[in-house]
Structure formats: structure tokens, C-alpha cells
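*Asks:* Take a look at the following structure, please.
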Amino acid sequence: MSGIKRIGVLTSGGDAPGMNAALRAVVRKGIYHGLVVYGINRGYEGLIHGEIQEMSLGSVADIVLRGGTILKTARSAEMRTVEGQLKATEQLHKSQIDALVVIGGDGSFRGAQTLAAQGLQIVGIPGTIDNDIAGTDLTIGFDTATNTVVDAVSKIRDTASSHERTFIVEVMGRDCGNIALQAGIACGAESILVPEIPYDLDEISDKLKRGHQRGKNHSIILVAEGAGSAFQIGEELRSRSGFETRITILGHLQRGGNPSALDAMIAAGMGGKAIEIILAHETSKMTAYVNQVIISTSLDAAYGKGRPFNRELYDLANELSI
Ligand code: F6P
């Protein structure tokens, strides 16, 4: 076995459509280049408890367009402790794994950095529906989740229009409004509420009334979960405007489903790039999609920073929905 590098791969945090495609690319390209690839189940939780198995070419067959993650995932409280981080390193040493690919979001990269500090070769692949990682135009899963929301809203619009109602549709995004913003502009939502920008319910209510005077009898308001409770917002708007409101919380269905072609393509590219980074003996890197090219960037630049909110797109959404 000497000279053959052993690498590990795990998925961590909230699952995202396309994680399987990224995993497949890591495993297949890794084996192609003579690496031995180990899959770690249940993210850092599984790593800490030694749930590690060798991956074969066949182990990733038929998953390229499957949602979720066949490795399973978890949010690990133990990995946030020094004891947990030491146990994770110990498990990797025990299996003689000296490079680790972490497919996940911000919190997962936080864990990865602690392992890099202990001398492990680390590569991050940004996988989260939130698209809240700095240094990459897109994270794996965001395009699919946004399309899921657009599809749902177009169905809700049918009933909103038939019943002449205002719908408040809550989408995912605890700390960031990217899904609400992008889906909202794509489906022509009347208002988009995000945690990044303060909003005024009186203004939104006035907008609803102005629309009504023009003969507009239904509206869609997209709310990122971090911007407030959809039920509370719906009730406030009902009492201010007098219009009937209904609430839909899309919830976890936004995390499921087959990846879009774009997500599957980015995932494959990023999985492949992760192997190139490992073979080049680089560490603390993240794969990124920038200007339609898959590149390698510093994990430090991505980690903990969040992507700047697209204020221009937000302003455009307001201009288009006067
Ligand atoms: O990070 C992805 C995400 O889907 C967020 O948009 C959401 O706030 C969160 O995960 C929900 O997490 P959980 O599935 O652990 O409740």
C-alpha cells in the first residue's frame, strides 16, 4: 500500500441535491488516479464513531441524479468540542487517512478547519441549498431548491388568483435570503422579505392596496424563514390591509429531489477538482464555481464570511413589483 494515498469523504450539515453527484465524482476520479477512497457515514458524527468504509466504483453507481446523500449527514454537536475534534483526528489516523474531502456548508467547514490545524489535508466542497458561502457564485443544491420554490409558487399562484387571496410563502434561509430573493424575482413575487434587509409591513400593506386599486386581486409574498414568522406576517398584513391571507411553509421539501442539470454539473466538477487539489498536495482549499469555471480557492476566504447579499437584485425585485 505504500505510496498509495488514502483519502476520506463525508457529507455534513443540511443535505442538498447534488451531494451524491459530488461524492460520485470524488470516488470515481480518486480511484481513477490510484487513490483509495473511504466514505464516512453521518458526517462528523460518524467520523468520531469510526463509521468508515472503503468505497468502490460500484458503490456510487446510480446516484448521480439522486437527491439527499447516500453517506447520510448530521449536525454534530460533538465536533464543536475539542474532545470531539481529537476523536475525529484519531479515527482518521487509525484508518491511515491523511486527506479529507468535506461536502457541506459553513458549519462543516468550521469543523474541517480544526482538522486542518491538526495537520490533515483538507478540501471543502460547498454543498448547501442556502448559497451562503463566500468565494463561490453557487453552492451545490441552491439551483435545485430555487427551482423547487418557483415550481411551488407557480402552483400557489393558481389558487391565489382563483380565490383572490394574498399568500405568504415561507422558504428556507435562517440567516440568508438568497432562496427567497432568487426565487422571488424568478416568479415575480409582489414582495420579498429577507433577514438582510429591514422591512416595513405598512409599506407592504400599502403596496397590496395600490395593486388592488389597479385591479390586482392576488399577491405572493415570499418570506425567508430568518425574516420572521410567516403566520405573524400574514396576520399583520390581513389586519392592516383587510385582505384575506393564507400561509404556505415549504420547509424541507426544498432540500429534496433530483439535482438540476446545473447542480449535477457543478457537483461533478467540484468533486473532480477536489481530487486535483489533493493530488497537488494542497490543503485548506475549497472548490468554487466562479464565472462558470470550477476553481480552487482558499477555505479561509470562504469560511465564516457568508456571501454578500445581492442588493442590486433585491432593488430590481422592488422596482418590478411596484
Ligand atoms: O442549511 C440549510 C438549511 O436548509 C437552512 O436553510 C435551514 O434553515 C436549515 O438548514 C434547517 O436545518 P434542519 O434541517 O437541521 O432543521
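The values are calculated or read from the model by the stated rules, or taken from the named source; none is laboratory data. Note that the coordinates shown come from a computational prediction; the quantities given were computed from them, not determined experimentally. Don't worry about glycine lacking a Cβ; one is built from the backbone with ideal geometry, like all the others, and counts go over all protein chains shown. Accessible surface is based on the protein model in full, side chains and every heavy atom, while ligands, DNA and RNA are left aside. Shrake-Rupley method; radii C 1.70, N 1.55, O 1.52, S 1.80 Å.
*Asks:* Scan region 97-112 for residues that are open to solvent by 20 Å² or more (accessible area, probe 1.4 Å) and either more than 23 Å from Ala25 (Cβ to Cβ) or within 16 Å of the ligand (Cβ to nearest atom) (or both) and jot them down.
*Replies:* If we filter region 97-112 for residues that are open to solvent by 20 Å² or more (accessible area, probe 1.4 Å), which is where we start, we get 98, 106-107, 110.
Matches in region 97-112: Asp106, Gly107, Arg110.
*Asks:* Do you know which of the residues in region 191-209 that are in contact (Cβ under 8 Å) with a residue 40 or more places away in the chain and within 16 Å of Gly242 (Cβ to Cβ) is least open to solvent (accessible area, probe 1.4 Å)? Lay out the reasoning, then the answer.
*Replies:* Step one: list which residues in region 191-209 are in contact (Cβ under 8 Å) with a residue 40 or more places away in the chain, which gives 191-194, 196-197, 207-208.
From what's left, within 16 Å of Gly242 (Cβ to Cβ): 207-208.
Details: Lys207: 38, Leu208: 15 Å².
If we take residues in region 191-209 being in contact (Cβ under 8 Å) with a residue 40 or more places away in the chain and within 16 Å of Gly242 (Cβ to Cβ), then Leu208 is least open to solvent (accessible area, probe 1.4 Å).
*Asks:* What number goes with the only condition from (1) within 18 Å of Leu313 (Cβ to Cβ); (2) in contact with a strand residue (DSSP E or B) (Cβ under 6 Å, 6 or more places away or on another chain); (3) assigned to a helix (DSSP H, G or I) that Thr136 does not pass?
*Replies:* Among (1) within 18 Å of Leu313 (Cβ to Cβ); (2) in contact with a strand residue (DSSP E or B) (Cβ under 6 Å, 6 or more places away or on another chain); (3) assigned to a helix (DSSP H, G or I), the lone unmet condition for Thr136 is (3).
*Asks:* Enumerate the helices (runs of 4 or more DSSP H) found wholly within region 162-246, keeping only those where 3 or more residues are closer than 25 Å to Thr146 by Cβ, more than 16 Å from the ligand (Cβ to nearest atom) and not assigned by TED's automatic domain parsing to the domain that holds Gly13. Before you say what the answer is, go through the steps one by one.
*Replies:* Working: elements: 178-186, 201-213, 230-241.
The qualifying helices (runs of 4 or more DSSP H) are 201-213, 230-241.
*Asks:* Just checking, which of Arg24, Arg75 is farther than 18 Å from Glu282 by Cα, touching a residue at least 12 places away in the same chain (Cβ under 8 Å) and in a helix (DSSP H, G or I)?
*Replies:* Arg24
*Asks:* Suppose we filter Lys72, Lys29 for residues that are open to solvent by 50 Å² or more (accessible area, probe 1.4 Å), under 26 Å from Phe142 (Cα atoms) and more than 16 Å from the ligand (Cβ to nearest atom); which single one remains?
*Replies:* Working: Lys72 fails: more than 16 Å from the ligand (Cβ to nearest atom).
So the residue among Lys72, Lys29 that is open to solvent by 50 Å² or more (accessible area, probe 1.4 Å), under 26 Å from Phe142 (Cα atoms) and more than 16 Å from the ligand (Cβ to nearest atom) is Lys29.
*Asks:* Restricting attention to region 35-64, report how many residues are assigned to a loop (DSSP other than H, G, I, E, B) and either among the basic types (Lys, Arg) or buried (at least 17 other Cβ atoms within 10 Å of the Cβ) (or both).
*Replies:* Residues of region 35-64 assigned to a loop (DSSP other than H, G, I, E, B): 35, 41-42, 49-51, 55-57, 61-64.
Remaining after also requiring either among the basic types (Lys, Arg) or buried (at least 17 other Cβ atoms within 10 Å of the Cβ) (or both): 35, 41-42, 51, 55, 63-64.
The total comes to 7.
*Asks:* Of everything in region 127-161, what is open to solvent by 30 Å² or more (accessible area, probe 1.4 Å) and within 15 Å of the ligand (Cβ to nearest atom)? Give them in sequence order.
*Replies:* Looking only at region 127-161, we keep the residues that are open to solvent by 30 Å² or more (accessible area, probe 1.4 Å), and these are 130, 132, 135, 137, 143, 147-148, 150-151, 154-155, 157-159, 161.
Within region 127-161, Asp130, Asp132, Asp143, Thr148 qualify.
*Asks:* Under 30 Å from Thr166 (Cβ atoms), touching a strand residue (DSSP E or B) at 6+ places or on another chain (Cβ under 6 Å) and in a strand (DSSP E or B): is that true of Ile295 in this structure? Write out each step before concluding.
*Replies:* Working: under 30 Å from Thr166 (Cβ atoms): no; touching a strand residue (DSSP E or B) at 6+ places or on another chain (Cβ under 6 Å): yes; in a strand (DSSP E or B): yes.
So Ile295 fails the test.
*Asks:* Has region 253-263 got any residue that is under 23 Å from Val149 (Cβ atoms), without any contact (Cβ under 8 Å) to a residue 12 or more places away in the chain and surrounded by fewer than 16 Cβ atoms within 10 Å (Cβ to Cβ)? Break it down stepwise before answering.
*Replies:* Going residue by residue through region 253-263, those that are under 23 Å from Val149 (Cβ atoms) are 253-263.
Keeping just the survivors that are without any contact (Cβ under 8 Å) to a residue 12 or more places away in the chain gives 261.
Restricting the remaining residues to those that are surrounded by fewer than 16 Cβ atoms within 10 Å (Cβ to Cβ) gives 261.
Yes, region 253-263 contains at least one residue that is under 23 Å from Val149 (Cβ atoms), without any contact (Cβ under 8 Å) to a residue 12 or more places away in the chain and surrounded by fewer than 16 Cβ atoms within 10 Å (Cβ to Cβ).
*Asks:* Further question on the same structure: If you take the residues in region 113-126 that are assigned to a helix (DSSP H, G or I) and touching a strand residue (DSSP E or B) at 6+ places or on another chain (Cβ under 9 Å), which one is surrounded by the fewest Cβ atoms within 10 Å (Cβ to Cβ)?
*Replies:* Start the filter on region 113-126 by keeping residues that are assigned to a helix (DSSP H, G or I), which leaves 113-116.
Retained after the next criterion (residues that are touching a strand residue (DSSP E or B) at 6+ places or on another chain (Cβ under 9 Å)): 113, 115-116.
Working: Gln113: 17, Leu115: 21, Ala116: 21.
The extreme case among them is Gln113.
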